[in-house]
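Enquirer: Okay, here's the structure, questions in a sec.
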Amino acid sequence: MTLHQATFDAEARGPLAALRVVDLSRLVAGNMLSLQLADFGADVVKIEPRGGDTLRNFKSAGLDTWWKTYARNKRSIGLNFRHDDARDVIIALVKTADVFVESFRPGVLEDMGLSPDILLEINPALVIVRISGWGQTGPYRDKPGFGTLVEGYSGFASMNGFADREPALPPIFLGDMVSGLYGFGAVMVALWATRSGGAGQVIDLSLFEPMLSVLGPQAANYSLSGEIKPRTGSRSSTTAPRNVYRSADGGWICLSTSTESMATRLFRAMGRSDLIDGGPFSTVRQRLDAVDEVDRIVGEFIAARSMSENMSFFKKMDITAGPVFDASDLVKDPYVSARQSLVEVDDPDLGPMPMPNVTPRLSRTPGVLRRVAPALGEHNTEILEPLLGAALLESLESRGVLVKAPCTASSPSQEAAQR
């Protein structure tokens, strides 16, 4: 099974085609946020420092797959932020923008002479997104804030992993990704407010609070019961069985019975109605209290059959179980191919490469693939000449205000190395 071949179409227009986003952010959260806007047609202008967005340094096997995936559909301006005239370039772009995104430490934007008050005076309808680890206020305002820190501080790591081992951090940039998605929603809300006659505003987007939000009622559970959610590995503290189990040929299957009817169906299908119909596993509480025995019985059933035999059986019996896949499985999976969840694009630097398709999919106004991820400063002339004129543009380039060169950074940042 091969992936659907997708092509970039520079003439395609998404539903946000009239929107311009000036993006000064770096790393993952800001790029995740602006990717959502870009995928649905917004003109996202990345303003990158001389070394380029730090996301360019995140490489897998020496390849720029991170940048290629999260900077698609965007354009790039290379700017020497330390030059006295850099501020004028940013202001010229702000005048044309609907959204402004930055991820500096709190106070840096003010030091650049680009405080929200100044930006909103220049463009009263501007939506300003300020991404930081801990927010623009509070005692941790000036504290560095990588996603790793908020994944620990929020309580995620404390509940992730196994009880007999140390807390486990996620192997992906979870805090950044979640914040980027929350930020995308917030931008659309703020834009709706401006379209309804409201003024522009500032979105204070920390990495911490979105991460805290997706953990649900953990604080309420503790306050009301005095209990802290334990680390249960792949098990659940609210239902059983729910775990990963190994098949006879070494594959892994994930199975969940999050409803009473599903648990009943599973045990009856296994020929163990005696356990569920008035037996020792008749209720969720009974199964949780005997979770080791529950997992042993289910695990032995799965271990006696191959992966394909298990999948055929669970499909026939309409039981919620599925394979545990890795990337090598996904790129050849018929469901992924049929849904076009992953598509293959022909990148000019890397050749054919799979990447996630635009998501979610809209029936009338879908997102589009318009352009490959840009080189640093690739669109200096295209974007700035209409705003500044050819003479000023040439002057800015000759004086080193604008930069247009390949990124030379060769090693991932310390945060990237943690994942």
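Enquirer: Looking only at the stretch 231-275, how many residues end up being polar (S, T, N, Q) and not assigned by TED's automatic domain parsing to the domain that holds Glu309?
Expert: 8
Enquirer: Taking the conditions exactly as written (at pLDDT 95 or above, within 17 Å of Met32 (Cα to Cα) and crowded, with 22+ Cβ neighbours inside 10 Å), does Leu181 satisfy them or not?
Expert: no
Enquirer: Filter the stretch 347-370 for residues that are of a type in the set (D, E, K, R) and either surrounded by 18 or more Cβ atoms within 10 Å (Cβ to Cβ) or not assigned by TED's automatic domain parsing to the domain that holds Leu181 (or both) and give the result.
Expert: Once the filter is applied, which keeps residues that are of a type in the set (D, E, K, R) and either surrounded by 18 or more Cβ atoms within 10 Å (Cβ to Cβ) or not assigned by TED's automatic domain parsing to the domain that holds Leu181 (or both), the stretch 347-370 yields Asp347, Arg370.
Enquirer: From Ala157, Ala186, grab the single residue that is small (Gly, Ala, Ser), in contact (Cβ under 8 Å) with a residue 40 or more places away in the chain, under 26 Å from Arg26 (Cα atoms) and surrounded by fewer than 20 Cβ atoms within 10 Å (Cβ to Cβ).
Expert: Matching residue, one of Ala157, Ala186: Ala186.
Enquirer: In addition: Considering the stretch 203-252 alone, what residues qualify as being under 27 Å from the mean Cα position of the chain (by Cα), in contact (Cβ under 8 Å) with a residue 60 or more places away in the chain and under 25 Å from Thr320 (Cβ atoms)?
Expert: Leu215, Gln218, Lys229, Pro230, Arg231, Thr232, Gly233, Arg235, Val244, Trp252
Enquirer: Related question: Determine the pairs where a residue that is under 27 Å from Leu181 (Cβ atoms), located within the stretch 98-127, has a partner that is polar (S, T, N, Q) and part of a strand (DSSP E or B) with Cβ atoms under 6 Å apart, the partner being 6 or more residues away or on another chain.
Expert: Within 6 Å, the pairs are Pro106/Ser132.
Enquirer: Take the residues in the stretch 216-231 that are touching a Lys or Arg at 6+ places or on another chain (Cβ under 9 Å) and not aromatic (Phe, Trp, Tyr); name whichever of them is nearest to Tyr153 (Cα to Cα).
Expert: Ranking the qualifying residues of the stretch 216-231, first place goes to Gln218.
Enquirer: Within the stretch 100-134, track down each residue that is assigned to a loop (DSSP other than H, G, I, E, B) and out of contact with any Phe, Trp or Tyr (no Cβ under 7 Å at 6 or more places or on another chain).
Expert: Result: Ser103, Phe104, Arg105, Pro106, Gly107, Met112, Gly113, Leu114, Ser115, Asn123, Pro124, Ala125.
Enquirer: Among the listed residues Arg296, Arg339, Arg305, identify the single one that is in contact with a Phe, Trp or Tyr (Cβ under 9 Å, 6 or more places away or on another chain), among the basic types (Lys, Arg) and at pLDDT 95 or above.
Expert: After applying the criteria, what remains is Arg305.
Enquirer: Does Thr283 meet the test of being surrounded by fewer than 16 Cβ atoms within 10 Å (Cβ to Cβ) and either within 16 Å of Cys254 (Cβ to Cβ) or at pLDDT 95 or above (or both)?
Expert: Considered against the rule, which asks whether it is surrounded by fewer than 16 Cβ atoms within 10 Å (Cβ to Cβ) and either within 16 Å of Cys254 (Cβ to Cβ) or at pLDDT 95 or above (or both), Thr283 comes out as no.
The values are calculated or read from the model by the stated rules, or taken from the named source; none is laboratory data. Model, not experiment: these values are computed from the prediction. Don't worry about glycine lacking a Cβ; one is built from the backbone with ideal geometry, like all the others, and counts go over all protein chains shown.
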